[in-house]
Amino acid sequence: MTLLVPGSDLTALRAQLAASPQSWLIACFCAAWCDTCGEYRPKLRTLSGTLRQHVFAWIDIEDHAELLGEVDVENFPTLMVQIQGRVVFYGPMLPHIGHLERLLESLNEDSPAVTSDLPDLPRLLAA
């Protein structure tokens, strides 16, 4: 799979989520004006190409504010990992792709859910 953007890649994003309901959703919340996000994006795109079993989304918080509900993202990049409908990680992460790689290696289907006020992204994207 690849790094998908809800606006331009919405059809592909919906198709991947529908075709692989057991896939993990890794979403990066960012902003177009954030230089750090701009540097992080190609690294995340490369990682998405090596972890094809997962769905990766790049969500600009200004272009797609409806995907955040009432949540305010204040630090960038902020990442969310959802496994089988459960958010198992949500928070800011240093923009070093190795940190995300290690996080993903440490998670599995039995990882406990974390408290998050985020709406159900796959459901919102499917609507």
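For the stretch 6-20, the candidate set comprises residues that are surrounded by 16 or more Cβ atoms within 10 Å (Cβ to Cβ) and hydrophobic (A, V, I, L, M, F, W, C); within that set, the residue that is nearest to Glu66 (Cα to Cα) is Leu13.
Select from the stretch 21-36 the residues that are touching a strand residue (DSSP E or B) at 6+ places or on another chain (Cβ under 8 Å), assigned to a loop (DSSP other than H, G, I, E, B) and farther than 19 Å from Ala65 by Cβ and list them in ascending order. Once the filter is applied, which keeps residues that are touching a strand residue (DSSP E or B) at 6+ places or on another chain (Cβ under 8 Å), assigned to a loop (DSSP other than H, G, I, E, B) and farther than 19 Å from Ala65 by Cβ, the stretch 21-36 yields Ser23, Trp24. Just one of Glu39, Glu62 is assigned to a helix (DSSP H, G or I) and of a type outside the set (Val, Ile, Thr); which is it? The unique qualifying residue is Glu39. Do you know which residues across the stretch 90-102 are free of Cβ contacts under 8 Å to residues at least 24 places away in the same chain and either in a helix (DSSP H, G or I) or open to solvent by 70 Å² or more (accessible area, probe 1.4 Å) (or both)? Of everything in the stretch 90-102, those that are free of Cβ contacts under 8 Å to residues at least 24 places away in the same chain and either in a helix (DSSP H, G or I) or open to solvent by 70 Å² or more (accessible area, probe 1.4 Å) (or both) turn out to be Pro92, Leu94, His96, Gly98, His99, Arg102. Anything in the stretch 64-89 that is at pLDDT 95 or above and open to solvent by 40 Å² or more (accessible area, probe 1.4 Å)? List them, or say none. Scanning the stretch 64-89 gives a single hit, Phe89. Residues of the stretch 112-126 that are loosely packed, with under 15 Cβ neighbours inside 10 Å, over 16 Å from Ile59 (Cα atoms) and either of a type in the set (Ser, Thr, Tyr) or modelled with pLDDT under 90 (or both): Thr115, Asp117. For Arg45, the stated conditions hold: it is out of contact with any helix residue (DSSP H, G or I) (no Cβ under 7 Å at 6 or more places or on another chain) and among the basic types (Lys, Arg). So is Ala113 over 21 Å from Leu10 (Cα atoms) and either free of Cβ contacts under 8 Å to residues at least 60 places away in the same chain or of a type in the set (Lys, Arg) (or both) or not? Judged against the criteria, Ala113 is a match.
Only one residue in Arg45, Arg52, Arg41 is surrounded by fewer than 20 Cβ atoms within 10 Å (Cβ to Cβ) and in contact with a Leu (Cβ under 6 Å, 6 or more places away or on another chain), so which one is that? The match here is Arg45. For the stretch 18-50, a tally of residues being over 12 Å from Thr78 (Cβ atoms), aromatic (Phe, Trp, Tyr) and over 11 Å from the mean Cα position of the chain (by Cα) returns 1.
The values are calculated or read from the model by the stated rules, or taken from the named source; none is laboratory data. Given the structure is predicted, the values throughout are model-derived calculations rather than measurements. FYI the Cβ positions are ideal-geometry reconstructions off the backbone, even for glycines, and counts take in every protein chain you see. Heads up: the accessible areas ignore ligands, DNA and RNA and are worked out on the full protein's heavy atoms, side chains in. Shrake-Rupley method; radii C 1.70, N 1.55, O 1.52, S 1.80 Å.
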